[in-house]
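The values are calculated or read from the model by the stated rules, or taken from the named source; none is laboratory data. As the structure is a prediction and not an experimental result, all values here were calculated from the model. Cβ coordinates were reconstructed from backbone atoms using ideal geometry, including for glycine residues, and neighbour counts include every protein chain displayed.
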Amino acid sequence: MAETLNPRAGIGMTSARTRGRMVERLREQGIRDETVLAAMGTVPRHLFVDQALESRAYEDTALPIGFGQTISNPYIVARMAELARHGEAGQGRALNRVLEIGLGCGYQAAVLAKLAREVVSIDRIAQLVGKTRVRLRELRINNVKPKHGDGMHGARDFAPFDAIVVAAAFPEVPHELLDQLADGGRLVMPRGGAAQTLCVIERQPEGLVERLLEEVKFVPLLPGVA
Ligand code: SAH
């Protein structure tokens with residue numbers, strides 16, 4: 001059969017169904033925001049990883065994306081998106097501008113791009129930004145702006161952001177990122193070193209309010225560019 005002769009065509013035919021199963025699993029794992037679940041159901045995760053890993057793209061696992069980095073598992077991508085939208089109780093809100101730190105392969109940016117008018121996403125690895133920029137163009141995802149730089153400084157020229165999603169762990173929340181958060185906006189990031197906790201900081205009228213959630217495991221946020 002053509003499917004066995006050409007594995008890439010095969011996964012193309014089955015990926016929508018496989019994504020549907022992934023979405024059901026996310027629901028069971030506690031993701032409640034239907035808009036996030038719908039976004040997870042449409043972004044072709046298999047096209048963001050190397051061809052050799054395509055068949056594992058919808059598993060509940062982190063996968064290598066080169067340069068010693070990993071694409072986060074689907075649950076954590078959905079969870080961070082849900083928190084960014086204030087959607088954990090069921091229905092979140094649409095986002096205008098979102099900042100992502102850690103573009104990586106662009107998968108999470110593509111999910112966020114379904115939920116926001118514009119996503120600015122920074123990565124410190126120049127080659128990864130170049131590769132991902134081409135991928136996003138090929139997939140016609142036009143509302144993600146990939147940027148090369150040190151994300152610890154954020155993207156002042158585009159601030160303020162309705163949400164800031166940090167896809168790499170650091171013990172402290174970088175101050176410049178908090179400065180770029182809009183009123184009512186949320187910063188979602190893994191805090192810590194060896195042991196990490198997902199944290200949400202919201203800019204409320206009375207000040208910044210922090211909440212610590214579940215244990216997570218991310219690659220570290222590193223200073224400077226590569
Ligand atoms: N969201 C990505 C996964 C990112 S993995 C995806 O969907 O594929 C974490 C990424 O953070 C890596 O690509 C790493 O290069 C990047 N990173 C680490 N420290 C950084 C920093 N200071 N500024 C910008 N990016 C950084």
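Points to keep in mind about this one:
- Matching residues in region 53-72 - criterion: being of a type outside the set (Ser, Thr, Tyr) and closer than 23 Å to residue 140 by Cα: 53, 54, 57, 65, 66, 71
- Failed criterion for residue 185 (all others in (1) of a type in the set (Gly, Ala, Ser); (2) within 12 Å of the ligand (Cβ to nearest atom); (3) not in a loop (DSSP other than H, G, I, E, B) hold): (2)
Let's see how each residue does on (1) of a type in the set (Lys, Arg); (2) under 28 Å from residue 34 (Cβ atoms):
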site	(1), (2)
51	no, no
69	no, no
87	no, yes
91	no, yes
97	yes, yes
101	no, yes
111	no, yes
134	no, no
152	no, no
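Results for (1) within 30 Å of residue 203 (Cβ to Cβ); (2) modelled with pLDDT under 95; (3) in contact with a strand residue (DSSP E or B) (Cβ under 7 Å, 6 or more places away or on another chain), shown as yes or no for each residue.
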{"position": "55", "(1), (2), (3)": "no, yes, no"}
{"position": "75", "(1), (2), (3)": "yes, no, no"}
{"position": "87", "(1), (2), (3)": "yes, no, no"}
{"position": "97", "(1), (2), (3)": "yes, no, yes"}
{"position": "113", "(1), (2), (3)": "yes, no, yes"}
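- Residue 163 being crowded, with 22+ Cβ neighbours inside 10 Å and either free of Cβ contacts under 8 Å to residues at least 40 places away in the same chain or touching a helix residue (DSSP H, G or I) at 6+ places or on another chain (Cβ under 6 Å) (or both): yes
- Residue match in region 200-220 (condition: at positive phi, within 11 Å of the ligand (Cβ to nearest atom) and small (Gly, Ala, Ser)): no
- Residues of region 126-143 satisfying the condition of being within 11 Å of the ligand (Cβ to nearest atom) and touching a Leu at 6+ places or on another chain (Cβ under 9 Å): 128, 129, 132, 135
- Condition check for residue 166: β-branched (Val, Ile, Thr), closer than 22 Å to residue 126 by Cβ and touching a Phe, Trp or Tyr at 6+ places or on another chain (Cβ under 9 Å): yes
- One residue from 167, 155, 194 being more than 14 Å from the ligand (Cβ to nearest atom) and either among the small types (Gly, Ala, Ser) or modelled with pLDDT under 95 (or both): 194
- Among the residues making up region 188-226, those that are buried (at least 16 other Cβ atoms within 10 Å of the Cβ) and either of a type in the set (Gly, Ala, Ser) or not in a strand (DSSP E or B) (or both) are 192, 218, 219, 221.
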